[in-house]
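S.K.: Here you go, one structure.
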Amino acid sequence: KKKIKIGYLGRICEEKGLKYLILLSNNLVLKKIDHELIIAGDIGDYRFKKYVNSITVLARNNKSINFIGKLDAKQKEDFYNNLDLFVLPSTNSFEAFGIVQLEAMSYGIPVIASNINGVRTVIQNTKNGYIFQNKSLSDLIEKFYLFRKNNFEKEKVRKNLFNYYSKEVYFKKISKLF
């Protein structure tokens, strides 16, 4: 079995639920599941220094976790092309949508995301992943194992995405309003 590459891209702050992602990785290490957790985002943002310190302490003994910092456009493309799974573990019920899900799916990457109003709709519509109960590590772990058991084909993930989220679909829906 090949190494599973799990990714997160976004702000590195408490409301993004990265603690659960790191705890997932720690659990996978204990179970001897070969994986890499790649976390992209500005770890130098002074507004979230205390939180960044807390999660780096939580991750310090885990060699499977890689904080890669901020990404430019080319690095972002390489990031998505290198993933098997994207996780959006947000804990803030005011999370509006999570556009990074659409980005990941546009590269054919399935997503596991929190069961939060705006966030869950992308997975509900596309069937390109799983929704886990917000702030539930055990449910996140369960959804990871579901992902591992099932095969998501990149082209099918893209097709499912563009059936619901594309310029054509957008313009069709907008034209119905007028």
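S.K.: Counting heavy atoms of the protein chains only and a 1.4 Å probe, report the per residue accessible area for the chain as a whole number of Å². Mind showing how you got there, number by number?
M.R.: Numbers: 10130 Å² over 178 residues.
Accessible surface, normalised per residue, equals 57 Å².
S.K.: Given a Förster radius of 45 Å and the C-beta distance between GLU168 and ASN62 as r, what FRET efficiency does 1/(1 + (r/R0)^6) yield to the nearest 0.05? Before the final figure, lay out the partial values.
M.R.: Working: r = 43 Å, r/R0 = 0.96.
Calculated value: 0.55.
S.K.: Using 0.36 nm per residue, how much length does the chain from LYS32 to ARG47 gain when fully extended, once their Cα-Cα distance is taken away?
M.R.: Separation in residues times 0.36 nm, less the Cα-Cα distance, equals 1.9 nm.
S.K.: Also, I was wondering about something else. Put +1 on the Cβ of each Lys and Arg and -1 on the Cβ of each Asp and Glu in the chain; which of ILE141, LEU21, VAL100 then has its Cα farthest toward the positive end of the dipole?
M.R.: With unit charges placed on the Cβ atoms, the residue in question is ILE141.
S.K.: Further question: I need the GluC sites (Glu not before Pro) found in the stretch 101-178, filtered to DSSP loop residues with at most 14 other beta carbons within 10 Å of theirs. Walk me through the intermediate numbers first.
M.R.: Working: sites: GLU103, GLU142, GLU153, GLU155, GLU168; in loops: GLU153.
Filter output for the stretch 101-178: GLU153.
S.K.: Relative contact order for the stretch 49-172: what percent, with Cα pairs under 8 Å and sequence separation of 6 or more?
M.R.: On the way: 135 pairs, mean separation 25.3, N = 124.
Over the stretch 49-172, the number comes to 20 percent.
S.K.: For a label point 7 angstrom out from the Cα of LYS159 toward its Cβ, which stretches of the stretch 96-139 have the backbone nitrogen within less than 18 Å?
M.R.: Label zone hits: 105-111, 125-129.
S.K.: What spacing in nm lies between the two simple spin-label points modelled at GLU15 and LYS76, each 7 Å away from Cα in the Cβ direction?
M.R.: It works out to 2.0 nm between the two label points.
S.K.: Please report how many Lys pairs in the stretch 7-137 have alpha carbons closer than 19 angstrom, counting only residues at least 8 apart along the chain or sitting on separate chains.
M.R.: 15
The values are calculated or read from the model by the stated rules, or taken from the named source; none is laboratory data. Predicted model only: the values in this text are computed from it and were never measured. Reconstructed Cβ throughout: ideal geometry from the backbone, glycine too, with neighbour counts over all protein chains shown. Protein only, heavy atoms only, side chains kept; ligands, DNA and RNA dropped before computing areas. Shrake-Rupley method; radii C 1.70, N 1.55, O 1.52, S 1.80 Å.
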